[in-house]
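Here is the structure we will look at.
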Amino acid sequence: MKKICNRFKNNRWALISWILLIMWMVLIFILSSHTADRSSSVSGNILSAILKVVYPEFRQMSADEQFIVLESYQYIIRKSAHFLLFGVLGSLSVNAYKSIRIKTDRLVIILSLATCVINAILDEIHQIFVPGRSCEITDILIDSIGSLLFIFLTVYIFRCIEKSKKASADI
């Protein structure tokens, strides 16, 4: 434990990385605290704004027609939000573990994935206690897949940056 605490000492990157990771976890918790009606309203408003930009005919539709279109896209948007929220959590986890100088990428990947999967499970358990929400195994899988993809992508980006720095230093 002392060794990890020493890694934070005089390491602004580590401190900021861990604060961002924790803040993102809090954001996920807050979003999961929304009742089913509020959550649907938020995702519906976001989807409506997107459709008005990418689908100009949407503005001319009647309220009933807009409702049908929104309902048809709602499921995809909600699952995509899970994927992206936990994908970002995966990237922030990699950044946080890299910031405290975890030596191997394999360990960074394992720790990051464990962080994300545990959060996904806790998130779904938390939703059991929120009115109108439920625990969905498929959401845990979507969260985990999003996390894993972003974890691998972030590790790859770190490797490219490290190779670039090494090549610059060799010149």
Residues in segment 100-148 that are surrounded by 12 or more Cβ atoms within 10 Å (Cβ to Cβ), touching a residue at least 12 places away in the same chain (Cβ under 8 Å) and at negative phi: how many?
29
Could you tell me whether segment 37-59 includes any residue that is within 27 Å of VAL155 (Cα to Cα), touching a residue at least 60 places away in the same chain (Cβ under 8 Å) and touching a Leu at 6+ places or on another chain (Cβ under 9 Å)?
no
Positions within segment 23-44 being at pLDDT below 85 and of a type outside the set (D, E, K, R), in sequence order:
ALA36, SER39, SER40, SER41, VAL42, SER43, GLY44
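Listed here are the residues, each with its yes/no results for (1) under 16 Å from SER32 (Cβ atoms); (2) out of contact with any Gly (no Cβ under 8 Å at 6 or more places or on another chain); (3) among the β-branched types (Val, Ile, Thr).
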residue: GLU124; (1), (2), (3): yes, yes, no
residue: GLY132; (1), (2), (3): yes, yes, no
residue: ILE137; (1), (2), (3): yes, yes, yes
residue: ASP143; (1), (2), (3): yes, yes, no
residue: SER147; (1), (2), (3): yes, no, no
residue: ILE151; (1), (2), (3): no, no, yes
residue: VAL155; (1), (2), (3): no, yes, yes
residue: ARG159; (1), (2), (3): no, yes, no
residue: SER164; (1), (2), (3): no, yes, no
Scan segment 93-141 for residues that are assigned to a helix (DSSP H, G or I), among the aliphatic types (A, V, I, L, M) and farther than 20 Å from LYS79 by Cα and jot them down.
VAL94, ALA96, LEU107, VAL108, ILE109, ILE110, LEU111, ALA114
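The values are calculated or read from the model by the stated rules, or taken from the named source; none is laboratory data. These numbers were taken from a predicted model, which means no experiment stands behind them. Positions of Cβ are generated from backbone atoms using ideal geometry, with glycine treated the same way; all protein chains shown enter the neighbour counts.
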